[in-house]
Structure formats: C-alpha cells, structure tokens
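Working notes, structure below.
The values are calculated or read from the model by the stated rules, or taken from the named source; none is laboratory data. As the structure is a prediction and not an experimental result, all values here were calculated from the model. All Cβ positions, glycine included, derive from the backbone under ideal geometry; neighbour counts span all protein chains shown.
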Amino acid sequence: MPIPIKTPAEIELMRQVCTRAALVLQNLAALVKPGISTLDLDNAARDFMSEAGVESACRHYTVGHLPRFPGYTCISVNETVVHGVPSRKRILQSGDIVTLDVVVRRKSFIGDNARTVLVGDVAPEVATLCKVTEEALYHAIDQARPGNRVHDISHAVERHVRPHNYGIIDQYAGHGVGRGMHEDPQIPNEGAPGTGALLRPGMTLAIEPMIALGTGKLIVAADRWTANTRDGKPSAHYEHTVLVTDNEPEILTRA
Ligand code: MF3
Ligand code: CO
C-alpha cells in the first residue's frame, strides 16, 4: 500500500484532532498519583474526550481475531509495554511508571500520542530509562524530513538508546496515522539509515519508541492485549503524531 499523503484540508483536520489528543493526554497525566487505579484514569479520560469533542479510537477496537479492547485508553504499568487494559485492581504506587496512550478520532481523522509518567519516587535507573526514551523520540522526530527514509527515523531511536544496553521492542512499531489508526509505513525502532520508504511532505506519522530496561522480548497476557516484558523489567514509551513538511517536522500532538 502506498503511504497516504494528506491534502491541506486533511492536514487541518489532523491538526485539530491531534491538538485534542494532546490535551486529553495532558489532562490525564496530571491525575497520576499514588492510590489512583488505572480504571479511575480511564474513566477520567472518557470524560476529557467527551469535553474535547473526540471519541476514543481504542474503545472496542479489534484486529484479526482479537477481542474488542475494553478501555478508552491503554494504560500500561511498569513491565507492561503497551495495550494495558484499565483495571480497578491496578492501583498505582510510588515507584511505578505508567504509560498513558491516547488515540482519538474526530471527523474521521485520528491522533495518537503516549507518554510514560513517573509515580512518586522512581528508582534512578528507571527514571533514566524514561528520560532516554523521550529523548529518543525527539531525535527520531528530527529525522521526519522529506528526502529522508523511514529507517532514518528508526535508526535515530536505536542509536540513542543502544549505549545504555536497553532492549528495543521489535514486536510493535510506529506507523502512519490518519483515517486509519495504523496506516503505512511501519516505523520500527531500529533499522539501517538510508533504507525504507522515502518520506514526503503531507505524510502523518506516529513515531513511538518503546524501550525496556532489560529484554525487549515480550509475552502477551491471557487477555490477548496486555504486552509485558518477558523478564518483568519496566519499559517506557513516548509517542507523537508528526507531519512531514517541506521544512521542519511539525509535531501535531501538542496541547
Ligand atoms: N497506540 C496504540 C497502538 O497504536 C493504541 C492501540 S488502541 C487499542 O497500537 F485499541 F489497540 F488498544
Ligand atoms: Co501508535
């Protein structure tokens, strides 16, 4: 499938939905504190979405034979890398890290963003994992320029995290986003520079390093969604939806 190039009118709709996705994420992140459950956070996200005039793209999402996703957001604690299912029983504690992944739709267009939030006092090595993963996102975004190729983005992540000996999750990747939650291209978090599809103005890309303190190998839980690291060590995940322009990359998911 060719990579969709958005028209100016579509780009405007992407800007609108992405701004709202960022606002919901910002509001949600502000609620993170020890003692709150991931279901409480998800319920708050539902309310923030309705106030912002957007719908959850996660709620009841399915692909292949997977059960419909039950949450409005994915909320992934510690060893859960992605697709954590909000639960009344999962109560955040000081020392946890929690990834909030907010994907919303408005007027047929989707905005996708995520961030890992630290809960109370987090061990220094875990806080560093988060910091390095967020830095990797910005290095990757800086490669989203016309003339570059998809794996220039991938390589920027790999290059930034490798010296720390972290695990790069290869079972999930970034992706194009627009009318669909997952459009072409796939954007892995490692790869050889100068390879992959050519980037052009008008592409909208969800760039999302997912990086683990230990192994990057995962096990998906019995619920078929929750993806955990095999060694149980924590992982971090930061994501923006970005527009490739003639000039600087434009981060669309800014509140
Ligand atoms: N940002 C996640 C992804 O791109 C959101 C998935 S929504 C869910 O995979 F429904 F699958 F949970
Ligand atoms: Co995504």
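Scanning the range 165-182 for residues that are more than 13 Å from ligand 1 (Cβ to nearest atom) and farther than 17 Å from P2 by Cα yields N165, Y166, G167, I168, D170. Among the residues making up the range 33-58, those that are in contact (Cβ under 8 Å) with a residue 60 or more places away in the chain and surrounded by 19 or more Cβ atoms within 10 Å (Cβ to Cβ) are T38, A57. Report yes if some residue within the range 53-69 is away from ligand 2 (no atom under 16 Å from the Cβ) and touching a helix residue (DSSP H, G or I) at 6+ places or on another chain (Cβ under 6 Å); otherwise report no. Checked against the condition, which is being away from ligand 2 (no atom under 16 Å from the Cβ) and touching a helix residue (DSSP H, G or I) at 6+ places or on another chain (Cβ under 6 Å), the range 53-69 yields no hits at all.
Among the candidates G180, G232, G216, G147, the residue that is in a loop (DSSP other than H, G, I, E, B) and either touching a helix residue (DSSP H, G or I) at 6+ places or on another chain (Cβ under 9 Å) or surrounded by 17 or more Cβ atoms within 10 Å (Cβ to Cβ) (or both) is uniquely G216.
If you check T116 against the conditions, is it surrounded by fewer than 19 Cβ atoms within 10 Å (Cβ to Cβ), of a type in the set (S, T, Y) and outside any loop (DSSP other than H, G, I, E, B)? No, not satisfied.
With the structure loaded, tell me whether T128 is in contact (Cβ under 8 Å) with a residue 24 or more places away in the chain and crowded, with 20+ Cβ neighbours inside 10 Å or whether it fails that test. No: the conditions fail for T128. Identify, please: which residue in the range 85-113 is closer than 15 Å to L41 by Cα and either within 14 Å of ligand 2 (Cβ to nearest atom) or modelled with pLDDT under 95 (or both) and is, among those, surrounded by the most Cβ atoms within 10 Å (Cβ to Cβ)? Across the range 85-113, the extreme among qualifying residues is V102. Of all residues being away from ligand 2 (no atom under 16 Å from the Cβ) and of a type in the set (A, V, I, L, M, F, W, C) in the range 196-217, which is farthest from V150 (Cα to Cα)? Just the residue, please. In this case the residue turns out to be L213. Scanning the range 235-255 for residues that are among the aliphatic types (A, V, I, L, M) and either surrounded by fewer than 24 Cβ atoms within 10 Å (Cβ to Cβ) or over 17 Å from the mean Cα position of the chain (by Cα) (or both) returns L243, V244, I251, A255. For the range 138-186, a residue qualifies if it is away from ligand 2 (no atom under 14 Å from the Cβ) and within 24 Å of E55 (Cα to Cα), and exactly one does: R179.
Does G111 meet the test of being more than 16 Å from ligand 1 (Cβ to nearest atom) and not in a helix (DSSP H, G or I)?
Values: more than 16 Å from ligand 1 (Cβ to nearest atom): no; not in a helix (DSSP H, G or I): yes.
No; evaluated as a whole, the condition is false for this residue.
One residue stands out among those in the range 183-207 that are within 16 Å of ligand 1 (Cβ to nearest atom) and part of a loop (DSSP other than H, G, I, E, B): the one that is surrounded by the fewest Cβ atoms within 10 Å (Cβ to Cβ), which is P188.
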